[in-house]
Every structure is written in structure tokens, then in C-alpha cells.
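Data block below; observations after.
The values are calculated or read from the model by the stated rules, or taken from the named source; none is laboratory data. All of these numbers come straight from a predicted model, not from anything done at the bench. Using ideal geometry, Cβ is built from the backbone for each residue, glycine included, and neighbour counts are taken over all protein chains shown. Surface areas here come from the heavy atoms of the whole protein model, side chains and all, with no ligands, DNA or RNA. Shrake-Rupley method; radii C 1.70, N 1.55, O 1.52, S 1.80 Å.
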Amino acid sequence: MPEATTSEWPWPEAPEPLPSPVVDNHCHLDHRIRGGLLIDVDDAIARAAAVGVTRIVQVGCDVEGSRWAERTAAEHPSIVAAVALHPNEAPDLAEAGTLDAALEEIETLARSEHVRAIGETGLDYFRTGPEGRDAQHHSFRRHIRMAHRHDRTLVIQDRDAHDDVLRLLDDEGVPPRTVLHCFSGDAAFARECLERGAYLSFAGTVTFKNAEPLREALAVTPLERILVETDAPFLTPMPHRGKPNASFLVPHTVRFIADFLGVSLVELCRHVDASTDRAFGGSWEPAT
Ligand SMILES: [Zn+2]
């Protein structure tokens, strides 16, 4: 039975199509409102492809969401999956005594050919207090090891935890393909991540008025390391900030970055597309 959806949501008008395709490398298509998906998967793919966002990485945050991501990637060639337990899930699972069992489930999914990445994992000190940190550290270490073991990309969620993210990464060894999702640091932290070979993924937040330190980080990031994402349905770029996000709105972020860096739009798109392929272990089939 097809899932109920609410694609009739009053989405904003589509932006002008990009001159060359790009990938939305971080999306949560399984987000639900009123019991249904916020946007039907085929509709999300079609709207995005129409403006040049031809491929998507669907990201799981718990066991059920990771299964959904793997299955959705298996059904849609233009989507690949990332699987993990979100750092904010780890303390609850640890308290229930089910964290290690859940990690085993993620590791099983990680073996699927449709799964390119382990994420989003990492540390989130914004929503989890000091009492939950041990569980987050344990979970993050286990995810880093999984990325190494299965040769998958590591997708990191880092919220107010820059120093500990670097410390644990250095401790476990930085996987050869590592992405800082929704990069939120300043220029100094960007340099630390770049030195470790990581890719920095910029979301709609880079377009926000108060995001000056983030734009300073963007300014020191080579074109070869810049990725773009929605984190849909969150972090909607200007001029639609505050409304639900979807992959077809990525062109707003890409245009903003091209303007800010003073590079041509087509050049930026080509870099983002090629860098996403390198970051996620090779290309996959675009939607048309
Ligand atoms: Zn996310």
C-alpha cells in the first residue's frame, strides 16, 4: 500500500534551474506530518530533477529510519542511503540497554550495496546534556569503526561539539571519505577539518543573515571540498527560511555560494557534483 503523503503542501515556486546538475547530499525524505510523508518520494525526486538537483542522499537517524533509507534507495536509482543512529538517539538507547543491539542492526544495513555512508552520527551537545555524552561518544566511535570496516563514507553531525568531534576522529582514525554535514563551524574549525581531508557540506544556513562566521569558513574551503545539502525538511535557505525544505530548493543555496565566492554558477555546480562523487565513493544514476 502506498504511504499517505501531503505533497499538496503549499511549496514555494521552483527556483530557476541550475545550468549543470548537483547532488543534495543530506535529506530526510521520511519526515512525516499528520501521519503522512511531507512529500511523496517520486514527487520530491521529480521536482528536484526539474531544477538540476538530480541525485539525493537519504539519511537515516534511527534503526527504522535507516531501514527506510536503504529500502528507498533500493527502489529509486537516483537515491543512495546513509544509515546510523543520530547522536541524540544514543543516550535514550543506552538507558534502555539497547544501544549495542541497535548498532548491530545499523552494521547489518551498512553492508547493503545501496548504502554509501554511515551517518548521521557524531556529537550533539546542543540537545543532549553532559549526562548523555558517554553514550554519544560510544556510539560515535562505533560508527567511525563501521565506516572503516565497510569502506563507507562517514557523515558527521556536529553541534556545539567541535573539539570532541576532532578528538574522537583523531583517536579512531579519520575515514578516507568524511563529510561534515551542515557545517556549522568558523574558519579555524574549517581548516582543522580540511587538514584531515574532510568535505564540508553547506546547508541553507549559509544564506542566513547572521551566518558571518560560517561564510568565513566557506571562504577558506577549496572548491574541491564544498558540498551542498538541504537537511530537508529543515534549514530552508533564504528567501524561504522558516518554511519546510525540499531538495528542489537547493539552487537557492548554490546560487548564494557562487555569488559569495565569485565563481560562475556552472563552475560551482560541476565542482559540487564531482566532489559529491568523490565524497560518496563514486557516481550513481541521476534522475531525469
Ligand atoms: Zn540530518
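Annotation: L18 carries an accessible surface of approximately 20 Å², with a 1.4 Å probe and no ligand, DNA or RNA atoms counted.
Translational diffusion coefficient of the chain at 10 °C, 1.306 mPa s, Stokes-Einstein with Kirkwood Rh over Cα pairs, in µm²/s as a whole number. In µm²/s, the coefficient rounds to 85. Rolling a 1.4 angstrom probe over the chain with all protein chains present gives an accessible area of which 50% lies on carbon and sulfur atoms.
Ranked by solvent-accessible area (1.4 Å probe, protein heavy atoms only, all chains present), the residues E113, E267 order from largest to smallest as E113, E267.
Considering only H137, L194, H26, the residue lying farthest towards the positive end of the dipole of the chain is L194, judged by Cα position with unit charges set on Cβ.
With protein chains left intact and a 1.4 Å probe, residues in the chain average 41 Å² of accessible area per residue.
Ordering E95, E216 by how much accessible area each has at a 1.4 Å probe, largest first, what is the list?
Working: E95 165, E216 100 Å².
Correct descending sequence by accessible area is E95, E216.
For the chain, the mean residue ellipticity at 222 nm estimated from helices alone is -12000 deg cm²/dmol, where every DSSP H run of n ≥ 4 contributes -39500 (n - 2.57) and the total is divided by all residues, rounded to the nearest 500. Taking label points 7 Å from Cα along the Cα-to-Cβ direction, V263 and E75 give a separation of 3.6 nm.
To the nearest 10, the accessible area of W68 is 20 Å² with a 1.4 Å probe. Once Lys and Arg get +1 and Asp and Glu get -1 on their Cβ, which of S112, T236, V155 lies farthest toward the positive end of the dipole of the chain? Positive-end residue among those listed: T236.
Solvent-accessible surface (1.4 Å probe) assigned to L38 amounts to roughly 10 Å². Once C-alpha pairs closer than 8 Å and six or more residues apart are averaged by separation and normalised to the residue number of the chain, the relative contact order reads 21 percent. Each of H181, H76, H148, H114 has its accessible area taken with a 1.4 Å probe; listed largest first, they run H148, H114, H76, H181.
Residues whose amide H falls under 5 Å from that of Y199, counting only those 5 or more places apart or on a different chain, are T178, V179, L180, with hydrogens built in the peptide plane. Could you tell me how far the Cα centroid of region 86-132 sits from the Cα centroid of region 226-287, in Å? Cα centres, region 226-287 to region 86-132: 26 Å. Taking the Cα centre of the chain as reference, the dipole from Cβ charges on Lys and Arg (+1) and Asp and Glu (-1) amounts to some 500 debye.
Please state the relative contact order of region 76-203 as a whole percent: Cα pairs under 8 Å, 6+ residues apart?
Answer for region 76-203 is 23 percent.
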